1. Looking only at segment 94-121, count every residue that is over 25 Å from GLU58 (Cβ atoms) and assigned to a helix (DSSP H, G or I) and tell me the total.
2. Hey, among the residues in segment 34-52 that are small (Gly, Ala, Ser) and either surrounded by fewer than 12 Cβ atoms within 10 Å (Cβ to Cβ) or assigned to a loop (DSSP other than H, G, I, E, B) (or both), which one's modelled with the highest pLDDT?
3. Looking at GLY12, is it among the small types (Gly, Ala, Ser), surrounded by 12 or more Cβ atoms within 10 Å (Cβ to Cβ) and more than 30 Å from LEU119 (Cβ to Cβ)?
4. Is it the case that some residue within segment 47-60 is within 30 Å of CYS112 (Cβ to Cβ) and in contact (Cβ under 8 Å) with a residue 12 or more places away in the chain?
5. Please go through segment 82-93 and pick out each residue that is touching a helix residue (DSSP H, G or I) at 6+ places or on another chain (Cβ under 9 Å) and either hydroxyl-bearing (Ser, Thr, Tyr) or not in a helix (DSSP H, G or I) (or both).
6. Does at least one position in segment 60-72 carry a residue that is modelled with pLDDT under 85, loosely packed, with under 13 Cβ neighbours inside 10 Å and not aliphatic (A, V, I, L, M)?
7. Could you go through segment 53-68 and let me know if any residue there is of a type outside the set (Phe, Trp, Tyr), within 24 Å of the chain's Cα centre (by Cα), not assigned by TED's automatic domain parsing to the domain that holds TYR109 and not in a helix (DSSP H, G or I).
Amino acid sequence: MRKLALAYGDVGLYLTELLARERLSPSATLLGALVHGGGLTEEGTIGNIFIFALAGLETTGTLQYAVLLLAVHPEIQEWLYQDIKEVLDGESADPTEWDYNKVYPKLVYCLCVIVSSLLSM
């Protein structure tokens, strides 16, 4: 528990220092938007940064396992490719024109790969 308390304190100090650096030298980043966008207290800003960092770790881990799964199973790559090809048949070649609510629910095999990746973590 002592190590956990020390680590928690270190993260708080690091994030406080990060905010101070951002105030001195503004950037066009998510951190910059949180710091200079107004409306949040310092504690609120630190809390948001902490949440974004944790969310990024889970996403990165999931993507890592999905890529690994696809790399070692070419048959799953082909299965996924055929699913995407079938779902997108008749859709615009420009992904910015795709309707997320229409296309994503049909990508069942894609969801299977993501769920398998999550279970592998």
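1. 3
2. The qualifying residue modelled with the highest pLDDT is GLY44.
3. Numbers: among the small types (Gly, Ala, Ser): yes; surrounded by 12 or more Cβ atoms within 10 Å (Cβ to Cβ): yes; more than 30 Å from LEU119 (Cβ to Cβ): yes.
Judged against the criteria, GLY12 is a match.
4. Kept after step one, since they are within 30 Å of CYS112 (Cβ to Cβ), are these residues of segment 47-60: 51-60.
Keeping just the survivors that are in contact (Cβ under 8 Å) with a residue 12 or more places away in the chain gives 52.
Yes: one or more hits.
5. Within segment 82-93, GLU91 is the sole residue that qualifies.
6. Within segment 60-72, one or more residues are modelled with pLDDT under 85, loosely packed, with under 13 Cβ neighbours inside 10 Å and not aliphatic (A, V, I, L, M).
7. Checking segment 53-68: not a single residue is of a type outside the set (Phe, Trp, Tyr), within 24 Å of the chain's Cα centre (by Cα), not assigned by TED's automatic domain parsing to the domain that holds TYR109 and not in a helix (DSSP H, G or I).
The values are calculated or read from the model by the stated rules, or taken from the named source; none is laboratory data. Every value quoted in this text rests on a predicted model; they were computed, and no experiment measured them. Note that each Cβ is placed from the backbone with ideal geometry, even for glycine, and that neighbours are counted across all protein chains shown.
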